[in-house]
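**Q** My structure is below; once you've seen it, I'll send some questions.
Computed from the coordinates by the stated procedures, all read-outs in this text should not be read as laboratory data. Bear in mind that the values here come from a model prediction, so they are computed numbers and not experimental data. Backbone-built Cβ (ideal geometry, glycine too); neighbour counts: all protein chains shown.
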Amino acid sequence: MPSLAITRRVCVAAFATFVTSLPLTAVHAQDNVLNIYSARHYKTDEALYANFSKATGIKINRVDADDAGLLARLQSEGAASPADVVLLVDAARLWRAEVGGLFQPVKSAVLEKRIPAHLRGKDAGNGSQWFGFSTRARVIVYDKQKVQRSEVDTYEKLSDPVNKGRICTRSGSHPYNLSLFGAMLEHNGPAATETWLKGLVGNMARAPKGGDTDQIRAVASGECAVAVTNSYYLARLMRSDVAADRTAVERVSVVFPNQASHGTHMNIAGGAVARHARNVPAAVKFLEYLAGDEAQSHFADGNNEWPAVSGLKLTNAALDSLGNFKAETIPVSVIGMNQVRVQQMLDRVGFR
């Protein structure tokens, strides 16, 4: 009877023969498949994925969830994660994933040339770990029949007594707000920021609820008079074919805050190659595709975001109508590091 050791050697040899005899297409099947974990849940992005597959022959499998859900999944999966590319819609979450070791550095001449340095992750000499592909501004919308522009032309004024009972907002712990508050902490310091947050809570017309679009509609309906929203939600309503959306836009005005000081807070949507990606070449190719003119124009025309690549001619009349503005240039890493302190402040002032 053969020994166990001999049996194992025979099995290993047989398996090796089987693998080497496989057709090349089977061995390298993963070269034509890209697994994407995406927090970009925008219907207009379907064209992005379809065009990439058409141009490259690479099939895309996608997992959709919010930023927090994707990061939790990556952490729990560890080295077994099938993710090749990770797409997130908040700068601080990109930073958190970077410091959490969930990405791997990418060295790409295309990405370094196309994406500005302040919209990339830290480069320790072996490439950046993430790249921003589009930007959005955190603007203030207000009821132009009830509110003067000068009363809301800075974020700081949202806590002024003149705005008592006027403010509506989504949850303070939502990433979009946490990033804004993290930037405010850096600009104004902890004492002033906590006082500001307390004043903001005191000025609310109702408890935080809903998303950014809900805040715009609440201002338009008279439920409140002032709200904070990401710019692309407003542009989406401006371009809508729904009469009620256009009516809502006509009722409100928009201001880019802090033009006389540090500028309007900006957030980004970006992407990275997952730490345990099995198809790195295709992952890098996809990120480079997102930095190309076609994809960059899509971010503007398809989802009302500003492209990360400068100099592109846009055809989005809604974005054009918002005009030029001074944008904040605070480092993403600073915003990310400030969020734990900000969340503690929110808990103390009762901003849910």
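**Q** Please work out the ratio of the alpha-carbon Rg of region 118-238 to 2.2 N^0.38 Å and round it to two decimals.
**A** Details: Rg = 16.0 Å, N = 121, 2.2 N^0.38 = 13.6 Å.
Here the answer is 1.18, to two decimals.
**Q** Follow-up. Mean 1/r over all different Cα pairs, inverted: what Kirkwood radius does region 107-159 give, in Å?
**A** 14.3
**Q** So, one more: Taking region 185-342 on its own, what percent of its Cα-Cα pair distances exceed 28 Å?
**A** For region 185-342, the fraction of Cα-Cα distances above 28 Å is 36 percent.
**Q** Simple spin-label model, 7 Å along Cα-to-Cβ: Asp160 to Ala260 in nm?
**A** 0.9
**Q** Could I ask something else about it? What nm distance separates the two modelled labels at Gln75 and Ala327, each placed 7 Å from Cα along Cα→Cβ?
**A** In this crude spin-label approximation the distance works out to 3.0 nm.
**Q** Continuing with the same structure: Length gain on complete extension for the stretch Gln145 to Ala50, per 0.36 nm per residue less the alpha carbon to alpha carbon distance?
**A** So the chain would gain 29.7 nm between Gln145 and Ala50.
**Q** While we're looking at this one, here's another question. Based on C-alpha coordinates, I'd like the Rg and Dmax of region 278-327, in Å.
**A** For region 278-327, the Cα radius of gyration and maximum Cα-Cα distance read 13.3, 44 Å.
**Q** Taking 0.36 nm per residue of sequence separation and subtracting the Cα-Cα distance, how much length would be gained by fully extending the chain between Lys43 and Leu314, in nm to one decimal? All intermediate terms of the calculation are to be shown ahead of the outcome.
**A** Details: separation 271, 0.36 × 271 = 97.56 nm, distance 2.00 nm.
So the chain would gain 95.6 nm between Lys43 and Leu314.
**Q** May I ask you to derive the relative contact order of the chain, considering only C-alpha pairs under 8 Å and at least 6 residues apart, and to give it as an integer percent?
**A** Relative CO of the chain lands at 26 percent.
**Q** Still on this structure, please answer the following. Taking N as the number of residues in region 223-307, what is its alpha-carbon radius of gyration divided by 2.2 N^0.38 Å?
**A** 1.48
**Q** Quick one: which residues, 5 or more positions from Phe103 or on another chain, have an amide H under 5 Å from its amide H? H modelled 1.01 Å from N in the peptide plane, none for Pro or chain starts.
**A** Arg275
**Q** Lys and Arg at +1, Asp and Glu at -1: add these up for the other residues within a Cβ distance under 10 Å of Met204 and post the number.
**A** +3
**Q** Give the span of region 250-352's Cα atoms along each principal axis, as three whole-Å numbers ordered largest to smallest.
**A** Result, largest extent first: 47, 40, 25 Å.
**Q** Near the amide H of Ser134, under 5 Å away, which other amide H atoms are found, from residues 5 or more places off or on another chain, if H is placed in the peptide plane?
**A** Correct list: Ala269, Ala308.
**Q** What are the principal axis extents of the Cα atoms in the chain, in Å, biggest first?
**A** For the chain, the Cα spread along each principal axis is 91, 44, 37 Å.
**Q** In square nanometres, what is the average projected area of the Cα convex hull of region 35-132?
**A** Seen from a random direction, the Cα hull of region 35-132 projects 6.7 nm² on average.
**Q** Quick one: Val85, Val332, fewest Cβ neighbours within 10 Å first, how do they rank?
**A** Numbers: Val85 25, Val332 28.
Ordered by Cβ neighbours within 10 Å, fewest first: Val85, Val332.
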